[in-house]
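Visitor: Before we start, here is the structure in question, set down as structure tokens.
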Amino acid sequence: MKRDLPVTGPQSRSEMSRVVFVAFRILLLICFLCAQALLQAAAQTPPDDNKPKDDPKKEEAKKEDANNEDAKAKIDDVHKDTPGKAFKPGGTLHIDVDMALVNVTVTDPYNRLVTGLDPDNFRIFEDNIEQEVVTFSAEDVPISIGVIFDFSGSMSNKVGKAREAALQFFKTANPQDEFFLVSFNERAELTSSFTNSVEDLQSRLMLTSPKGRTALLDAIYLGLSQMRGAHNVKRALLILSDGGDNHSRYNESDIKRLVKEADTQLYAIGIFDPLGSRNRTPEELKGPSLLSEVTEMTGGRVFAVERLEELPDIATKIGMELRNQYVLGYRPSNKAHDARWRKVKIKLRAPRGLPPLSVFSKMGYYAPSH
């Protein structure tokens, strides 16, 4: 039996060719449409040459800002939980080296402290030229204090009350204050270096007994030398002595020069015998004037005591005076760094209604040398 096979002749091949031809045309049309779309998109985009060019300086600044931001982010990341360190008043940071500071005490005719004055009440003169007050303060700031205690033989009948006065002075201290103790007879020695422990100073005062001669000037020299290691800007020495000197290596000229150079106020409690006393030596007779000269140069003063019962009250008064001073700051009009002595004078414009007032301040300072 025969079966008819499908025809695969020329007609079938012709149909297939038409299908391929139509598919090819459709593919060409699609490619044409895609190419046209691409050309339109390119035409809408401006060429690179027409773009505004960035300023190289601006680019550099942007990079620098970015670097700073990165650095800041790193710092913040490292120190974010580290507490900041507050700067204490009376710290040793010096911000303006050309600023001159003057501690000023004002008292009334009864020797009482006068507080509550304003900057306009003060005038500053340097070498007779008026200066502008640019800073003003009346705050109680931490103080570095050296106590110079006379344990010479001439203090034998006075040392008990003198110790009591020193203890009373320590009671006026603030927690941030620091003290050191120099004791002297015929030799000056550092009994205690800087400490915040008043109890330690009290115990050391009790261990020494009076004897020997008097090296007062050497003790002042040692005290001013020790003050170079102070941690507070405000500094003072308190001298408790009968004022006589008969055994120092340094002389008055040496000490006065050093006192001028040191930015330290000196106060003294002069435990003087009555003028008619037969026991007063020539050195003791000269004691009051010696103490007056060295203290007044610094803006401090001497409190003379003839009755030993007055000692503790006077010591308290000195402590309160140190806490109630005005601090005036000015930039000297004389800018020369010539290491020469500049005289300083403070004058008052007292408010109306007040009696005549007294002013105590340092007499001058040495200009910087460079």
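Visitor: Dividing the Cα convex hull volume of region 143-323 by residue count, how many Å³ per residue is that? Write out the running numbers ahead of the final one.
Guide: Working: hull volume 17.5 nm³, N = 181.
So the per-residue hull volume is 97 Å³.
Visitor: Now for a different question. Based on the mean of other beta carbon atoms within 10 Å per residue, what is the order of 233-246, 145-158, most packed first?
Guide: 233-246, 145-158
Visitor: Related question: Going from the alpha-carbon gyration tensor of region 219-370, what semi-axes, largest first and in whole Å, does one get by taking the root of 5 times each eigenvalue?
Guide: Details: eigenvalues 162, 97, 42 Å².
Semi-axes from the Cα gyration tensor: 28, 22, 15 Å.
Visitor: Can you pull the Rg over Rh of region 298-370, Cα-only, Kirkwood?
Guide: Taking Rg over the Kirkwood Rh, I get 1.09.
Visitor: Once you have the Cα-Cα distance between Lys256 and Ser225, take 0.36 nm times their residue separation minus that, and quote the gain in nm to one decimal.
Guide: Details: separation 31, 0.36 × 31 = 11.16 nm, distance 1.36 nm.
Length difference between fully extended and current span is 9.8 nm.
Visitor: List the pairs from Lys317/Lys362; Lys317/Lys345; Lys211/Lys362; Lys171/Lys345; Lys234/Lys347; Lys256/Lys317 whose alpha-carbon separation is above 29 Å, in the order I gave them. Numbers along the way, then the final one.
Guide: On the way: Lys317/Lys362 19 Å; Lys317/Lys345 24 Å; Lys211/Lys362 34 Å; Lys171/Lys345 33 Å; Lys234/Lys347 22 Å; Lys256/Lys317 25 Å.
Violating the 29 Å Cα-Cα cut-off are Lys211/Lys362; Lys171/Lys345.
Visitor: Which whole-number percentage describes the relative contact order of region 261-370, with Cα contacts under 8 Å and a sequence gap of 6 or more?
Guide: Working: 117 pairs, mean separation 33.6, N = 110.
With pairs under 8 Å counted, the relative contact order is 31 percent.
Visitor: From the C-alpha coordinates alone, can you work out the Kirkwood hydrodynamic radius of region 137-205, in Å? All intermediate terms of the calculation are to be shown ahead of the outcome.
Guide: Numbers: mean 1/r = 0.0778 Å⁻¹.
Across region 137-205, the inverse of the average 1/r is 12.9 Å.
FYI, it's all coordinate maths here, none of it is from the lab. Note that this is a predicted model, so its numbers are computed, not measured. Neighbour counts run over all protein chains shown; Cβ positions are idealised from the backbone, glycine included.
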